[in-house]
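Worksheet for the structure shown next.
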Amino acid sequence: MVIYHSVVLQYFDAASRRDFAGMIEAAGAQATTERPLAWLSFEQESPERDFELTLAYWPGGERRRLAKAQAHGRWIEWFG
């Protein structure tokens, strides 16, 4: 299963962001090799930062920063 979201967390208050991440983390904790979970997110941590494409994958909880980009896709910088 893949959970994907783009430019939505800015509309959540801090408690709702924590709750949202907690729900995904809890689902990840139940993932197995037969039923893995990937969390793909395109968000901005703060107005001063670029938007980033990140991936978390379970089982294992591996996290990767895949790219940073302009919010509307005018440019993207992929990381190796």
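Rule-based calculations on the coordinates, nothing more; no lab input. Quantities reported herein were computed from a predicted structural model and do not represent experimental measurements.
Run the helix sum for the chain: -39,500 (n - 2.57) per DSSP H stretch of 4+ residues, divided by residue count, reported at 222 nm to the nearest 500 deg cm²/dmol.
-6500 deg cm²/dmol
Rounded to the nearest angstrom and ordered from largest down, what semi-axes does the equivalent ellipsoid of the stretch 2-78 get from its C-alpha gyration tensor (root of 5λ)?
Here the semi-axes work out to 23, 16, 9 Å.
Give a residue-ordered list of calculated ³J(HN,Hα) values for the stretch 24-33 (Karplus: 6.51 cos²θ - 1.76 cosθ + 1.60, θ = phi - 60°; whole Hz; x for Gly, Pro).
Per-residue couplings from phi come out as 5, 4, 5, 5, x, 4, 9, 5, 10, 5 Hz.
Relative to the present Cα-Cα distance, how much length would full extension add between Q44 and A67 at 0.36 nm per residue of separation?
Here the answer is 7.1 nm.
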